[in-house]
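One structure is given below, encoded as structure tokens.
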Amino acid sequence: MTDLTLSGKNPTSVKTDALIVGTCSTSDGVAVVADHLPAALVRTIESLAPQLGVTGASDEVRKLPADDSLRAGVLTLVGLGERRPDGTFPAETLRRAAGAAVRALAGTASVAVALPTADEDELAAVVEGALLGAYSYTRYRGADVAAKQAPVASIDVLTPFSKSARAKAAVARAEIVAAAVHGTRDLVNAPPNDLYPAAFADAAKAAVRDLGVKGVKVTVLDDKQLAAGGYGGIVGVGQGSSRGPRMVKLAYAPAKPASKVALVGKGITFDTGGISIKPAAGMPAMKSDMAGAAAVLHTVLAAARLKLPVAVTGYLCLAENMPGGNAQRPADVVTIRGGKTVEVTNTDAEGRLVMADGLVSAVEDGHDVVLDIATLTGAQMVALGNRYSGVMGDDEVRDAVKTAADVAGESFWPMPMPEELAAGLKSQVADMVNSAPERWGGMLFAAHFLKEFVGDTPWAHLDIAGPAYNEKSPYGYTPAGGTGVGVRTLLALLEARAAS
């Protein structure tokens, strides 16, 4: 993990490999946004901005040789867009700018960040963004390449609030949050030959063992136990693979919790689509179909590290969806835990089957609220693209998720659950089908399916299919590959329940 400290030093006096300062767009061109930089240097940068390709646009990063007025080796300019009328910048703008600059400086030993922080909340955003940007996945790289791509080793954030207790608390929280996001990214990026259901379960046990915090209990059900327990959804999806399914339950139980929350995560460690096989072009990214379970695992661990006074139980629904000789067939009927039967009309609509078992288990255990998170539908990307996640469910819970996402800086959008779509659940031979009879509203239909398994428990469903895995260029603090989306929103929601 990158080492981060706060400092009240003047940016001109800090000896570092790279100094990060902000730029913003103005009606006259570009302005440098940094206190205490030499006036001559600021004038030079602003006057040469067009020739240097500096516009001040959000996420723009430009590296310049530092002059003799600085002790830094490189001056890194990062864009902040336009100022708000009061002269400040939104927290998410600062978070993304810090992340973009630190990410662009991978392979650098030391960095100083001198972005504007008008208060401790803005400082918290800068700190979190810098740590989120300090990530790379190099497990399978050669030593030379890994060294060049290694995250920045140490970050010094320059701020007038360096001695503030609130600022120090913000750093401690940001380190825990970033570790949770990075842990989620690592799991999503792992190749499916190494991360299969049993390996994921082992990774969960190891993560709890290494946590260093008491109060998290892990229970793992293997394929035989799942079959005996009536987890027909997970068993059915996993039966085509030579590597059997698992259900992992992680329970963090502080004394006298303010609330009891269940988090259910989809953990399809590789999704071929089963017999309803996917096109070859999109197959490699299907290693990311366990991003919901990864987010749940690391959210529970982070809640424990933060010592939140909320009981949090995570349910990781793990299976590999393969088209083997014993694979689930279209027209099969499976019995979900609790007794409801489902006609499998599409084996590529497998996530909702494993999630159904997890939701029933969560409701059986008794919680004040149940949230599920899953890379569930391609329809989510059709509706919202690959940067916005959808959230559906009971109005109060759905709105609480949206509020938490706004606080955390993640992009979630509330979606409806039109009642007429529920009619599509009808089956001629079972209690329901697992796939919509028509393509329209597929994300919303999937939410209706899941709702059948939560009863009266307050509930929301988070569909992160697009945002969980970035197949394009990195941006802000978001790398290519696994993004860790959802962790920060879930943690913000837990913190809100702890404070209520």
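The values are calculated or read from the model by the stated rules, or taken from the named source; none is laboratory data. Predicted, not measured: the structure shown is a model, and the values here were computed from it. Glycine gets a Cβ as well: all are built from the backbone with ideal geometry, and neighbour counts include every protein chain shown.
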Inset, instruction - Quickly run through the range 458-477 and pick out the residues that are touching a helix residue (DSSP H, G or I) at 6+ places or on another chain (Cβ under 9 Å) and either surrounded by fewer than 23 Cβ atoms within 10 Å (Cβ to Cβ) or not in a loop (DSSP other than H, G, I, E, B) (or both). - result: P458, W459, A460, H461, L462, D463, Y469, E471, P474, Y475, G476
Inset, instruction - Select from the range 350-384 the residues that are more than 22 Å from L491 (Cβ to Cβ) and β-branched (V, I, T) and list them in ascending order. - result: V354, V360, V363, T377, V382
Inset, instruction - Give me a count of the residues in the range 255-275 that are part of a strand (DSSP E or B) and not basic (K, R). - result: 10
Inset, instruction - Output the number of the condition that S242 fails; it satisfies all remaining conditions of (1) without any contact (Cβ under 8 Å) to a residue 60 or more places away in the chain; (2) surrounded by fewer than 17 Cβ atoms within 10 Å (Cβ to Cβ). - result: (1)
Inset, instruction - Taking E343 as meeting all but one of (1) buried (at least 22 other Cβ atoms within 10 Å of the Cβ); (2) under 21 Å from M443 (Cα atoms); (3) among the charged types (D, E, K, R), write down the number of the exception. - result: (1)
Inset, instruction - Among what's in the range 291-327 and is within 30 Å of the chain's Cα centre (by Cα) and in a loop (DSSP other than H, G, I, E, B), pick the residue that is surrounded by the fewest Cβ atoms within 10 Å (Cβ to Cβ). - result: K307
Inset, instruction - Could you list all residues from the range 276-290 that are out of contact with any Leu (no Cβ under 9 Å at 6 or more places or on another chain) and part of a helix (DSSP H, G or I)? - result: A280, A281, G282, P284, A285, M286, S288
Inset, instruction - Hey, can you tell me all the residues within the range 55-110 that are of a type in the set (D, E, K, R) and within 22 Å of Y135 (Cβ to Cβ)? - result: D59, E60, R62, K63, E92, R95, R96, R103
Legend entry - Failed condition for P191, given (1) surrounded by fewer than 23 Cβ atoms within 10 Å (Cβ to Cβ); (2) in contact with an Asp or Glu (Cβ under 9 Å, 6 or more places away or on another chain); (3) closer than 28 Å to Y477 by Cα: (2)
Legend entry - Set V208, V264, V218: member being among the aliphatic types (A, V, I, L, M) and surrounded by 24 or more Cβ atoms within 10 Å (Cβ to Cβ): V264
Inset, instruction - Need at least 1 residues that are closer than 17 Å to A496 by Cα and acidic (D, E) per element, so show me which helices (runs of 4 or more DSSP H) inside the range 347-420 make the cut, counting only ones lying wholly within it. - result: 395-408
Legend entry - Every residue from the range 478-500 that is β-branched (V, I, T) and free of Cβ contacts under 8 Å to residues at least 24 places away in the same chain: none
Legend entry - Exclusive hit being under 21 Å from R352 (Cα atoms) and in contact with a helix residue (DSSP H, G or I) (Cβ under 8 Å, 6 or more places away or on another chain), set M290, M283: M290
Inset, instruction - Tell me, please, whether a residue that is in a helix (DSSP H, G or I) and either outside the structural domain of A190 (by TED's automatic domain parsing) or out of contact with any Pro (no Cβ under 8 Å at 6 or more places or on another chain) (or both) can be found in the range 72-92. - result: yes
Legend entry - G455 vs. criteria surrounded by fewer than 22 Cβ atoms within 10 Å (Cβ to Cβ) and more than 18 Å from the chain's Cα centre (by Cα): yes
Inset, instruction - Of the conditions (1) on the phi < 0 side of the Ramachandran plot; (2) surrounded by 24 or more Cβ atoms within 10 Å (Cβ to Cβ); (3) not charged (D, E, K, R), G274 clears all except one; give me its number. - result: (1)
Legend entry - Enumeration of residues in the range 388-426 that are of a type in the set (G, A, S) and loosely packed, with under 15 Cβ neighbours inside 10 Å: A423
Legend entry - Of all residues in the range 9-52 being over 25 Å from R84 (Cα atoms) and under 32 Å from the mean Cα position of the chain (by Cα), the one that is surrounded by the fewest Cβ atoms within 10 Å (Cβ to Cβ): D17
Inset, instruction - Could you please tell me which pairs satisfy a Cβ distance under 9 Å, a separation of 6+ or placement on different chains, a first residue in the range 292-307 that is assigned by TED's automatic domain parsing to the domain that holds A204, and a second residue that is of a type in the set (K, R) and surrounded by fewer than 24 Cβ atoms within 10 Å (Cβ to Cβ)? - result: A304/K214; L306/R173
Inset, instruction - Test each condition in (1) outside the structural domain of A303 (by TED's automatic domain parsing); (2) farther than 27 Å from T489 by Cβ for V157 and report the one that comes out false. - result: (2)
Legend entry - Restricting the range 109-125 to residues that are touching a strand residue (DSSP E or B) at 6+ places or on another chain (Cβ under 6 Å) and modelled with pLDDT of 95 or more, the residue that is nearest to V14 (Cα to Cα): A112
